[in-house]
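Encoded as C-alpha cells, the structure appears first; notes follow it.
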Amino acid sequence: MFFRQSPIACLLSSNLDVPRSTGVGAFAMSDENAKIRKFCEVGDLRNAVELLKKSKKAELGLNTYCSILQLCAEHSCLQEGKTTHSIISSNGIPIEGVLGAKLVFMYVNCGDLRNGRRIFDHIQSDKVFLWNLMMSQYAKIGDCHESINHFRKMQKRGITGNSYTFSCIIKCFAILGRVGECKRIHGYVYKLGFGSYNSVVNSLIAAYFKDGRVDSAHNLFDELGDRDVVSWNSMISGYVMNGFSHTALEIFIQMLILRVAVDLATLVNALVACANIGSLSLGRALHGYGVKACFSREVMFNNTLLDMYSKCCNLNDAIQAFEKMGQTTVVSWTSLISAYVREGLFDEAIRLFYEMESKGVSPDVYSITSVLHACACSNSLDKGRDVHNYFRKNNMALSLPVSNALMDMYAKCGSMEEAYLVFSQTPVKDIVSWNTMIGGYSKNSLPNEALKLFGEMQEESRPDGITMACILPACGSLAALKIGRAIHGCILRNGYSLDLHVANALIDLYVKCGSLVHAQLLFHMIPEKDLITWTVMIAGYGMHGFGAEAIVTFQKMKIAGIKPDEITFTSILYACSHSGLLNEGWGFFNSMISECNMQPELEHYACMVDLLARTGNLSKAYQFIETMPIKPDATIWGALLCGCRIHHDVELAEKVAEHVFELEPQNTGYYVLLANIYAEAKKWEEVKKLRERIGKRGLKKSPGCSWIEVQGKFAIFVSADTSHPQAERIVSLLNNMRIKMKNEGYSPKMRYALVNADDTEKETALCGHSEKLAMAFGILNLPPGRTIRVTKNLRVCNDCHEMAKFMSKTARREIILRDSNRFHHFKDGFCTCRDFW
C-alpha cells in the first residue's frame, strides 16, 4: 500500500494559500513583504529567509510567513523552516489558524512529525485537510495504529471526513488485517455519499483483496461507474496477490481493449503475473510495449522485467535485460542471481554475489538468502562458509531470514554442528528456524537429535504441518512406532493430515516402523494421491517383500494418470529384486527406456544386478555390469558380491571383491562380506588373511547393533552384550530356545559365527548376536500377544533368521525385524521373505 502525499498537499495548499497581491487586514504590503514574496515566487529560499531575519516585526505580514513556510515544505528545507518558526515565535505572532496549519504542513512535509504533531495538538484545528495530513503521514511511516487513533478523535470532535480520509483509514485497517473494520467503514462511507469516489472504492478493493475476499473486491469494481487506472491496477495486483495470475492477465487484456491508458504500475503487475504462470511470450510483448511507452528507463520496470525472464527460465534474455539497464540496484542483481540458481548454475550465482559487492552494491536479505541457497543446492560447504565469513568481516547483523538461510545451507551441506551454532546464536527463533533444524537432523541421519529438538520446540513454539513432515522421518529411521503414533494423534487434532506432505510422511513412517497395514489404510484414505504417495507405497511393499502388491500399485498409479519418475522406477525394481521377480523386473527396466524415455542411472543398474544375482544368474549379472554404458560403482559390484555369498560362488566373489576394494578401500562391510563367503566355504586361512589386511589398513568393522522400543523407551543391544540389567534372563531364554530347537532337529548355522573354533564356541558367538538379544528382551518385557519390533543396523544373518522363525512359533508372537536391507515378518515359524533376502 502506498500513501501519496501529493493529493493532500494539493488540497492543503488550496486551503491555505493567501492572495499574493493583497495585504492582510488593514495593513498594506511593505517593501520587505514584497521582496520576500518575490524571492519565494522564484524559489529563492535562502535570500527570502535572510531578508526575513533582517526585517522588523511591524514590517512583516502573515502572508509573508506563510509564503516562506510553503516554500520550505515544498523543498523539504527543515532548517530554514525552523528558523522561520523561531522568528515567528520571537515576534510574538500567535500560532493559530492559517499560520498554524502552514507550520504543521512544513514540519510534516520535512519529516519532523514530532514537532508537526505538537503544533497540531496546540492549534486544535477542525479543518479536515489538516487531520488528513496527520493521518496520512502516520500511515506513511507505518504507524497505522496512530493514524486510526486520529480518525477516532476526529469522529469524537464531530469532524466529517472526506474521500481522502476514508481512503487513508481503509488502507490502515487493511494493513492491520482488520477487515471487519473495513466492512463497517464501507457502510459508513456509503451513508455519507462517498461510495462513488474512486479513491475510496479503490482502497476498499485493495482491502478486500488483501483479506482474500476476491468476489467482494470484484463486485465493488463492477459497481464502479467511472473506473480510473488505479481501479484497474488494484484488480490486476489483487488477483496476482491471491494467486489468480491468469485472471489478472485477462483483466489487463480487457483494460487494453477498452483503451484505458496503462501506467508503470499496470505493466509491472502484468509482468509479475506473466512470471507467476511462466508466460514468456506475453512477457516479451509487455517488454516491447514498455519500451515504446518509455518505461525502459524506470528501475522498477527493468527489475520486474528481469525477474520475469528469470522465473520463465530464460537466462539469456535475463542477462540481456540486465546488461541494458542503465541503473542497477540490489534488486536487479538479486533477480539475476536467482536466475542462475534456477538454471542450476550455482557457481555463477555465487560469483555474481561477489561481483555485486565489488561494484559497491550492498547486499540485502534477498540477495544473501539467494546466494546461500545456491551454496546449499550445490553442496558447497566451503563457499557457504566464505559467505558466512563475509558477513562477519563486514559486521553485518544477521536478520532472522538470513540466519534461517545459513542453518539451511549448513544442514543441506551436512554440517549440523555449524547449523546448530547459528541456531543457538539466533535470539528470536520462528517456526522456520525450528523446522529447518529438525528437518536437517532428520535428513542427516541424526534422528535422536531431531526428536530432542522437537521436544524443546514444543516448550517455546507451536509445531505446524511442516514440522510434522520433518519429524516423522526421524521416527521412521528409528522405527519409533509409539512416538510416531503420538505425533499422528497431534496431527489429527490439529487438522494437519489434510496436508499431502504430512500424509505422505505418515505412510512412510508406518512403512519403516513395520506397520504395513496402517500404511495401507492411510494410503487408501488419501483422495488425491501425488507421485510421492504412490512411490512411498510401492517402496513400502518392496521393503516388506510384497513384490506382487508393489507391481499392482505401480499399474494403478499409471491408470490414475501419474507418470513415474526415476525414483519410482528404483522403488519398483527394488521390489522385484527382493521378491525374485526376474521377468517382471526386466519388463520395468525396458519400459523405463522405451516407454518413458528415461536413461537408467546407477541405482537402476544396481537393482538389476541385485535381481540377477539373487536369482542365481551370477554370470549374466557380471556380463550386464561389463556392458553398462556408465562406469559401475561400489554399490553395483557389492550387489553382485552379495549374490556370490547367497549362491556360494567363491571364485567369482574374489574377482568381484577386487573391484569393490579398489572403489571403496575404506568400507569394512565389503571385507566382512568376503570373509563370510570364505567362512561359509571353510577357507579359514583366507579369512585370516582378510583380517590381517583389515588390520594393516587400520579399518574397524561396524559393530552389530539392534534396538527395540518398549513403553516409549529404546533398549539398545550390541553383539555379546552382557551389560544390560536383564542380561542373565535374556541369555537364559535364548539358551532354552536353542535347546528346544535342537530337540526339534535344528542345528545351528555354524558358518555364520565367522570364527575358526569348536562348535561350542561358535554356538556361543551366534547366541550373542544383537538381534537375538533384542528379540528375547521383547518377549520378556512386552505383554503376551504384542508384536515384537526390532531394528538392526546391519544385514540379519541366516542363523538369526532361523532363530526368529522358531521364536515366533514357540512364543506365539509376531516378530517384525528390520535390517539394513529390508523387513522380515516372522509368524508361526515362517517369514514373508520366504528365506529370500
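Here is how the numbers come out for the structure above:
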{"item": "Ser203 vs. criteria assigned to a helix (DSSP H, G or I) and closer than 30 Å to Asn269 by Cα", "result": "yes"}
{"item": "Any helices (runs of 4 or more DSSP H) falling wholly within segment 214-292 and containing at least 2 residues that are more than 29 Å from the chain's Cα centre (by Cα) and free of Cβ contacts under 8 Å to residues at least 24 places away in the same chain", "result": "214-223, 245-257, 280-292"}
{"item": "Flag for Asn47 being at pLDDT 85 or above, out of contact with any Phe, Trp or Tyr (no Cβ under 9 Å at 6 or more places or on another chain), outside any loop (DSSP other than H, G, I, E, B) and not acidic (Asp, Glu)", "result": "no"}
{"item": "Search result, residues across segment 667-719 that are touching a Gly at 6+ places or on another chain (Cβ under 9 Å) and not hydrophobic (A, V, I, L, M, F, W, C)", "result": "Asn667, Gly669, Tyr670, Lys701, Ser702, Ser719"}
{"item": "Candidates Gln137, Gln155 - the one that is among the polar types (S, T, N, Q) and surrounded by fewer than 18 Cβ atoms within 10 Å (Cβ to Cβ)", "result": "Gln155"}
{"item": "Test: residue in segment 729-744 that is farther than 21 Å from Glu814 by Cβ, assigned to a loop (DSSP other than H, G, I, E, B) and at pLDDT below 85", "result": "no"}
{"item": "Residue tally, condition of a type in the set (Gly, Ala, Ser) and either exposed (fewer than 15 other Cβ atoms within 10 Å of the Cβ) or over 22 Å from Phe554 (Cα atoms) (or both), over segment 592-610", "result": "1"}
{"item": "Flag if Cys72 is free of Cβ contacts under 8 Å to residues at least 40 places away in the same chain, within 21 Å of Arg37 (Cβ to Cβ) and surrounded by fewer than 21 Cβ atoms within 10 Å (Cβ to Cβ)", "result": "no"}
{"item": "Segment 454-472, residues that are surrounded by 21 or more Cβ atoms within 10 Å (Cβ to Cβ) and assigned to a helix (DSSP H, G or I)", "result": "Phe454, Thr467, Met468, Ala469, Cys470, Ile471, Leu472"}
{"item": "Filter result (buried (at least 21 other Cβ atoms within 10 Å of the Cβ) and in a helix (DSSP H, G or I)) within segment 548-570", "result": "Ala550, Ile551, Thr553, Phe554, Met557, Thr568, Phe569, Thr570"}
{"item": "Top-ranked residue of segment 163-174 - restricted to ones that are at pLDDT below 85 and of a type in the set (A, V, I, L, M), ranked as nearest to Ala139 (Cα to Cα)", "result": "Ile169"}
{"item": "Residue that is surrounded by 15 or more Cβ atoms within 10 Å (Cβ to Cβ) and farther than 24 Å from Asn590 by Cβ, where the choices are Ala657, Ala639, Ala613, Ala621", "result": "Ala657"}
{"item": "Count - residues of segment 182-198 that are surrounded by 16 or more Cβ atoms within 10 Å (Cβ to Cβ) and in a loop (DSSP other than H, G, I, E, B)", "result": "3"}
{"item": "Answer from Val331, Val341, Val291 - the residue that is at pLDDT 90 or above and touching a His at 6+ places or on another chain (Cβ under 7 Å)", "result": "Val341"}
{"item": "Matching option when the condition is at pLDDT 90 or above and within 21 Å of Cys475 (Cα to Cα), among Gly704, Gly778, Gly712", "result": "Gly778"}
{"item": "Candidates Ala450, Ala479, filtered to the one that is within 21 Å of Cys705 (Cβ to Cβ), surrounded by 15 or more Cβ atoms within 10 Å (Cβ to Cβ) and touching a strand residue (DSSP E or B) at 6+ places or on another chain (Cβ under 8 Å)", "result": "Ala479"}
{"item": "Filter result for the condition that a residue is of a type in the set (Val, Ile, Thr), surrounded by 16 or more Cβ atoms within 10 Å (Cβ to Cβ) and touching a Ser or Thr at 6+ places or on another chain (Cβ under 8 Å), over Val179, Val201", "result": "Val201"}
{"item": "Subset of segment 403-436 that is closer than 19 Å to Gln458 by Cβ, surrounded by fewer than 19 Cβ atoms within 10 Å (Cβ to Cβ) and of a type in the set (A, V, I, L, M, F, W, C) - its residue that is nearest to the chain's Cα centre (by Cα)", "result": "Val432"}
{"item": "Conditions (1) outside any loop (DSSP other than H, G, I, E, B); (2) under 17 Å from Ala139 (Cβ atoms): number failed by Gly177", "result": "(1)"}
{"item": "Residue within segment 143-166 that is outside any loop (DSSP other than H, G, I, E, B), within 17 Å of Ser234 (Cβ to Cβ) and not hydroxyl-bearing (Ser, Thr, Tyr) present", "result": "yes"}
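Results for (1) of a type in the set (Val, Ile, Thr); (2) farther than 30 Å from Arg227 by Cβ; (3) surrounded by 19 or more Cβ atoms within 10 Å (Cβ to Cβ), shown as yes or no for each residue.
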residue	(1), (2), (3)
Arg259	no, no, no
Ala270	no, no, yes
Ile277	yes, no, no
Leu286	no, no, yes
Tyr289	no, no, no
Lys292	no, no, no
Arg297	no, no, no
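The values are calculated or read from the model by the stated rules, or taken from the named source; none is laboratory data. All figures in this text were calculated on a predicted structure; none of them were measured in a lab. Here the Cβ is made from the backbone with ideal geometry for all residues, glycine too, and neighbour counts use every protein chain on show.
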